[in-house]
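Below is one structure, written out as C-alpha cells; comments come after it.
The values are calculated or read from the model by the stated rules, or taken from the named source; none is laboratory data. Everything numeric here is computed off the predicted structure, so don't read it as measured data. Glycine gets a Cβ as well: all are built from the backbone with ideal geometry, and neighbour counts include every protein chain shown.
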Amino acid sequence: MERWGLYHVEAIQQVLKPQTSTQSLLDVGGGTGYLASCVAERYARVVVADLSPGMLSVARGRKLETVEASALALPFKAEEFDAVVCTDALHHIKQIERAVSEMCRVLKPGGTLLIHEFHLTGWKGSFFYWFERLFVDDAVFVTPGELQERLAKHGLSVEVQKLSDLAFMAVGRKGMNHAGHA
C-alpha cells in the first residue's frame with residue numbers, strides 16, 4: 001500500500017500523539033512496519049504483529065520489535081498498549097469481530113484504537129474490492145458505519161473520518177471506566 005500512496009500517514013500521525021514518552025503502540029497486521037516506522041520515534045515501544053515472516057523481516061530491518069502472531073490471538077496481556085493500529089489489514093481477517101475484540105483487549109483504558117480501511121465507494125472502491133477478492137484473498141470489507149458499531153460495542157467512543165474516495169479511518173478511545181471490557 002505504501003508504494004501506491006494509499007496510507008494517509010499525516011492523518012494517522014495527527015491521531016497518534018502519545019501523552020507521555022513512555023507509551024506503547026501495537027501495529028496489528030503491520031506487515032513491513034511502514035506505518036510503525038513513521039510513528040516509532042513518538043513511542044517508547046512499538047511492536048509490529050503480523051503472520052508473514054517475510055514482511056516481519058523487513059520490519060526488523062527498520063529496527064522495529066516484531067512478533068509473528070494472528071490478530072485473532074494476540075500474544076499480549078490485557079491492557080498492555082496505549083495505542084493499537086490496524087492499517088489496511090482488517091479486510092484480510094475473516095473473523096473481524098474476534099480481531100476487534102482482541103485489539104480492544106490489549107488496549108489500555110484511555111488508549112486509542114485506530115483502524116484505517118478501504119472505503120468501497122465509486123469506481124476506485126469497486127476496483128480495489130475486485131482486485132482484493134480475485135488476486136489477493138477472500139477479503140471481507142466493512143463499511144464505516146459497521147466498523148463504528150463494532151468498536152462502540154466494545155465500549156469505545158468512536159469517530160469515523162472519510163480520508164479519500166478510497167479510504168476511511170475509525171478512531172476509538174477506550175474510556176477509563178471500561179477496564180476489562182471486551
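Tabulated results
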{"read-out": "Check on SER101, in a loop (DSSP other than H, G, I, E, B) and under 16 Å from the mean Cα position of the chain (by Cα)", "value": "no"}
{"read-out": "Candidate set: the stretch 130-165, residues that are hydrophobic (A, V, I, L, M, F, W, C) and out of contact with any strand residue (DSSP E or B) (no Cβ under 8 Å at 6 or more places or on another chain); chosen: the one modelled with the highest pLDDT", "value": "VAL140"}
{"read-out": "Residue in the stretch 82-96 that is at pLDDT 85 or above, of a type in the set (Lys, Arg) and either part of a helix (DSSP H, G or I) or under 20 Å from ASP27 (Cα atoms) (or both) present", "value": "yes"}
{"read-out": "Single match in LEU56, LEU72 (criterion: assigned to a helix (DSSP H, G or I) and at pLDDT 95 or above)", "value": "LEU56"}
{"read-out": "From PRO53, PRO75, residue being under 26 Å from MET176 (Cα atoms) and over 14 Å from the mean Cα position of the chain (by Cα)", "value": "PRO75"}
{"read-out": "Of all residues in the stretch 57-87 being without any contact (Cβ under 8 Å) to a residue 24 or more places away in the chain and buried (at least 16 other Cβ atoms within 10 Å of the Cβ), the one that is farthest from VAL142 (Cα to Cα)", "value": "GLU65"}
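Condition check ((1) within 25 Å of LEU72 (Cβ to Cβ); (2) at pLDDT 95 or above; (3) surrounded by fewer than 16 Cβ atoms within 10 Å (Cβ to Cβ)) across all residues:
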site: TRP4; (1), (2), (3): no, no, yes
site: HIS8; (1), (2), (3): no, no, no
site: ILE12; (1), (2), (3): yes, no, no
site: THR22; (1), (2), (3): no, no, yes
site: ASP27; (1), (2), (3): yes, yes, no
site: TYR43; (1), (2), (3): yes, yes, no
